[in-house]
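The values are calculated or read from the model by the stated rules, or taken from the named source; none is laboratory data. All values reported here derive from a predicted model rather than from experimental measurement. In this analysis, Cβ positions are derived from the backbone assuming ideal geometry, glycine residues included, and neighbour counts consider all displayed protein chains. Note: areas computed on protein heavy atoms with side chains; ligands, DNA, RNA excluded. Shrake-Rupley method; radii C 1.70, N 1.55, O 1.52, S 1.80 Å.
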Amino acid sequence: MKAIVYKDNKLPVTDANSLYETILPKPQPGRHDLLVRIAAIAVNPVDTKVRRNADVAEPRVLGWDAAGIVEAVGEDVSLFKPGDEVYYAGSLMRAGSYAEYALVDERIAGRKPASLSMSEAAALPLTSLTAWELLFDRLEVNEGNNDVLLIIGAGGGVGSILTQFAASLTNLTIVGTCSRPETAEWVKSLGAHHIIDHTQPFAPQLNELGISGVRYVASLTHTDKHYQQIVEVMAPQGRLAVIDDPETLDAIPLKTKSISLHWELMFTRSMFTTPDMQSQHQILTDLSELIDKKVIRTTLGEHFGTITAENIRRAHAVIESGKAKGKIVLAGF
């Protein structure tokens, strides 16, 4: 099968060898696996981080967002059958989706929303699972809250779907941070009540909105840069959830206000095969229903064409520039 791989993590994405096409054996499903014929993929920041930071002995297939058709199933599979259309975010412990075929454990896959194309569906799993787990599992928000949620980096992939979940499934007042007019317009269209500029001090902008303390903060990017301001604007006994990779994060400043700190990594359940691993199947199932009922919409931002090494390198370059809006997808080989 065709696959796009990397081997040398020292190469910049402008180098043709940083991501290149090769031929690999078609994988065979294990007991709980689906063998999926890949129709579309999305490119995420984690793809670029792994490519730049992970040493490998053999060429590695990246990519953890995919939509496709089940071609074969393992002996213990009960949730799907050949011919089913699925979407999923996969596992860091396995080969990814930059290939004609890939394996995924049925417990972390969902049935593709019927109303979406493969490309539109591929844009959703990783960011949706991250946003859902952050909002409901880590911050433990419930529908009855009337508090404020501050989303730092609201225009990115996770921010775009988190804004929709919060707007549609909770009573939170949503404040998104952006720095460009087009991103602010995008985030407002997804349901944010207010926008502030994260290149300017947070507190004065929130005060102008009549917000004196933020109960929930989702820090999606540049947490180390904004950390002091985050602590400053948070309400006593607030909750802070983080998904990015600050070099250090000193929890001591959180003590005075008894602020709780929560990490979210959507790969944790699959990485450790946790007892509640199948909750990701349920989240994706619930998401499909919300999409087909037009409560939530895809966060597809740009379509970069067919799945080729050149187009994937181009997608990595945009993500590394920090200027991606919504999700970048590719479809077909």
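Values computed for the structure shown
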{"item": "Test set (1) open to solvent by 10 Å² or more (accessible area, probe 1.4 Å); (2) part of a loop (DSSP other than H, G, I, E, B); (3) farther than 30 Å from ILE23 by Cα - ILE296 fails condition number", "result": "(1)"}
{"item": "Extreme residue, nearest to GLU120 (Cα to Cα), among residues of the stretch 86-104 that are among the aliphatic types (A, V, I, L, M) and outside any loop (DSSP other than H, G, I, E, B)", "result": "VAL86"}
{"item": "Leading residue by the ranking (nearest to GLY90 (Cα to Cα)) among those in the stretch 239-271 that are among the hydroxyl-bearing types (Ser, Thr, Tyr), surrounded by fewer than 17 Cβ atoms within 10 Å (Cβ to Cβ) and within 25 Å of the chain's Cα centre (by Cα)", "result": "THR268"}
{"item": "Any hit, the stretch 83-93, residues being in contact (Cβ under 8 Å) with a residue 40 or more places away in the chain, out of contact with any strand residue (DSSP E or B) (no Cβ under 9 Å at 6 or more places or on another chain) and surrounded by fewer than 24 Cβ atoms within 10 Å (Cβ to Cβ)", "result": "yes"}
{"item": "Close pairs from the stretch 311-322: first in contact (Cβ under 8 Å) with a residue 40 or more places away in the chain, partner part of a helix (DSSP H, G or I) and open to solvent by 60 Å² or more (accessible area, probe 1.4 Å), Cβ under 9 Å, at least 6 apart", "result": "ILE319/PRO45; GLU320/PRO45; GLU320/ARG52"}
{"item": "Positions within the stretch 1-45 being over 21 Å from ALA89 (Cβ atoms), part of a strand (DSSP E or B) and basic (Lys, Arg), in sequence order", "result": "LYS2"}
{"item": "Qualifying residue in the stretch 58-79 (condition: among the small types (Gly, Ala, Ser), in a loop (DSSP other than H, G, I, E, B), without any contact (Cβ under 8 Å) to a residue 60 or more places away in the chain and farther than 25 Å from ARG269 by Cβ)", "result": "no"}
{"item": "Selected residue (criterion: farthest from ILE291 (Cα to Cα)) from residues of the stretch 120-140 that are open to solvent by 10 Å² or more (accessible area, probe 1.4 Å) and hydrophobic (A, V, I, L, M, F, W, C)", "result": "PHE136"}
{"item": "Among residues of the stretch 193-238, those that are buried (at least 17 other Cβ atoms within 10 Å of the Cβ), assigned to a loop (DSSP other than H, G, I, E, B) and out of contact with any Cys (no Cβ under 9 Å at 6 or more places or on another chain), counted", "result": "3"}
